[in-house]
Each structure stands twice: as C-alpha cells, then as structure tokens.
Amino acid sequence: RPILLIAGIANPAPLIQRVKAISDNVTVKTYGDHHRFTNTDLRDIAATFDRMHGDDKLVITTEKDAARLRPAMQVIGHIAGRIYALPVEVRFLLGQEQEFNDIIIRHVRKNK
C-alpha cells in the first residue's frame, strides 16, 4: 500500500523506519520540529499525494502533526479521510527517568 509519511519532528528516523516496516512504498516529506504548515506546504503535500498511485494510498503522520494539519483541511480536504496519526512516545534511555523527574520537581519547587 502506498504511504505518504509527513514528519515534523526533531528525529524522524525511527518513525520512518517504523512506517517502512509496514510498506515498501513510502514517500517521505520531512519538516523541522514544531513546523507550522504553510498553504504552500499543504498544496505540496496534496500534490504529492495526488501523484501517488493506488486506490488504497494513505497519509501517516504523528499525532502532533495531525493536530497542526487539522485547521488546514480546507486546503487538503480531499485527503482528510486518508490521514492517520501515529502516537509518538517518550522513552528514557539508560535509566534516566528518575533523574528527569528529580529535575522537574526541583524546578517546580524553586519556581512556585
């Protein structure tokens, strides 16, 4: 199944890898982290989708980017029913979760 992956996150590599495990026909459009989609971006996304072959094509993006795309549905409305959002989860490496929590707690206590 053809997939258009839209990623506006800091490190899209794991997401790209995950989606390519689902399909061998993936077109990737990456943007910077916290990207605000312009009408030009949206028209480009829609045009890229339209050029893809297959009746079962779809768009996959993160929940974060899906929320940013939602207000722009008038520009990309014809693909709105084909957009699916994947959750992005946070993982702590090397057992650093407690250290992170301690930093947050200290900051909150200091800035009450």
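For this structure, a couple of remarks:
- Screening the chain for DSSP H helices whose Cα atoms reach 27 Å or more along their own axis and whose mean Kyte hydropathy is at least 0.0 gives nothing.
- Computed over every Cα-Cα pair of the stretch 1-62 and binned at 10 Å starting from 0, the pair-distance distribution P(r) comes out as 22, 53, 24, 0 percent.
- Helical mean residue ellipticity (222 nm; -39500 (n - 2.57) per DSSP H run of 4+; nearest 500) of the chain: -11500 deg cm²/dmol
- Cα centroid separation - the stretch 36-74 against the stretch 1-35, whole Å: 12
- Straight-distance crosslink candidates among aspartates and glutamates, where the alpha carbon sits under 20 Å from Lys57 and sequence neighbours closer than 8 are dropped: Asp24, Asp41, Asp44, Asp65
- For the stretch 1-102, trypsin sites (Lys or Arg not before Pro) meeting the loop criterion (DSSP other than H, G, I, E, B) and having at most 15 other Cβ atoms within 10 Å: Arg36, Arg91.
- Alpha-carbon Debye profile of the stretch 3-110, log10 I(q)/I(0) at 0.15, 0.18, 0.19 Å⁻¹: -0.68, -0.87, -0.94
Where a number appears in this text, it was derived from the coordinates with a stated rule and is not lab data. Not measured: the values here are computed from a predicted model. For neighbour counting, all protein chains shown are included, and Cβ atoms are generated from backbone atoms with ideal geometry for every residue, glycine included.
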